[in-house]
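The values are calculated or read from the model by the stated rules, or taken from the named source; none is laboratory data. Everything numeric in this text was worked out from a predicted model, so none of it was measured. Using ideal geometry, Cβ is built from the backbone for each residue, glycine included, and neighbour counts are taken over all protein chains shown. Just the protein is used for accessible areas: all its heavy atoms, side chains included, with ligands, DNA and RNA removed. Shrake-Rupley method; radii C 1.70, N 1.55, O 1.52, S 1.80 Å.
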Amino acid sequence: LLNGCSAGGLSAILRCDDFNNLFPPTTKVKCMSDAGFFLDAVDVSGGHSLRRIYSGVVNTQGLQNTLPRTCTSHIKPTL
């Protein structure tokens, strides 16, 4: 089990495949983002870098249709 909290949670999700590759193919690997709080704010470059990061996670993992409709009915899945 690879687990992370806050920024470590994002790392656990982004590096899950790399972690899995460290073990024999018969080993079951699970990755979990425990908790996190990330402000959706404009960064020093004038952009939304966290939106880009989470957009990559949502799109790479194909999460658009697995997120709660109560949220995605009024905000984008990447938020």
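Within the span defined as region 12-20, one or more residues are part of a loop (DSSP other than H, G, I, E, B) and either touching a Cys at 6+ places or on another chain (Cβ under 8 Å) or of a type outside the set (V, I, T) (or both). Condition (residue is touching a strand residue (DSSP E or B) at 6+ places or on another chain (Cβ under 9 Å) and either open to solvent by 80 Å² or more (accessible area, probe 1.4 Å) or not in a loop (DSSP other than H, G, I, E, B) (or both)) applied to region 35-48: is it met by at least one residue? Looking for residues that are touching a strand residue (DSSP E or B) at 6+ places or on another chain (Cβ under 9 Å) and either open to solvent by 80 Å² or more (accessible area, probe 1.4 Å) or not in a loop (DSSP other than H, G, I, E, B) (or both), one finds at least one in region 35-48, hence yes. If the condition is being under 23 Å from L79 (Cβ atoms) and either modelled with pLDDT of 90 or more or open to solvent by less than 90 Å² (accessible area, probe 1.4 Å) (or both), then region 7-33 contributes A7, G8, G9, L10, S11, A12, I13, C16, C31, M32, S33. Scanning region 53-79 for residues that are within 20 Å of G4 (Cβ to Cβ) and surrounded by 11 or more Cβ atoms within 10 Å (Cβ to Cβ) gives I53, Y54, S55, G56, V57, V58, T60, Q61, L63, L67, T78. Close contacts from region 40-59, counting a first residue that is closer than 12 Å to T78 by Cα and a second that is in a helix (DSSP H, G or I) and open to solvent by 60 Å² or more (accessible area, probe 1.4 Å), with Cβ to Cβ under 9 Å and a gap of 6+ residues or different chains, come to D40/R51; I53/L14; G56/L14; V57/L14.
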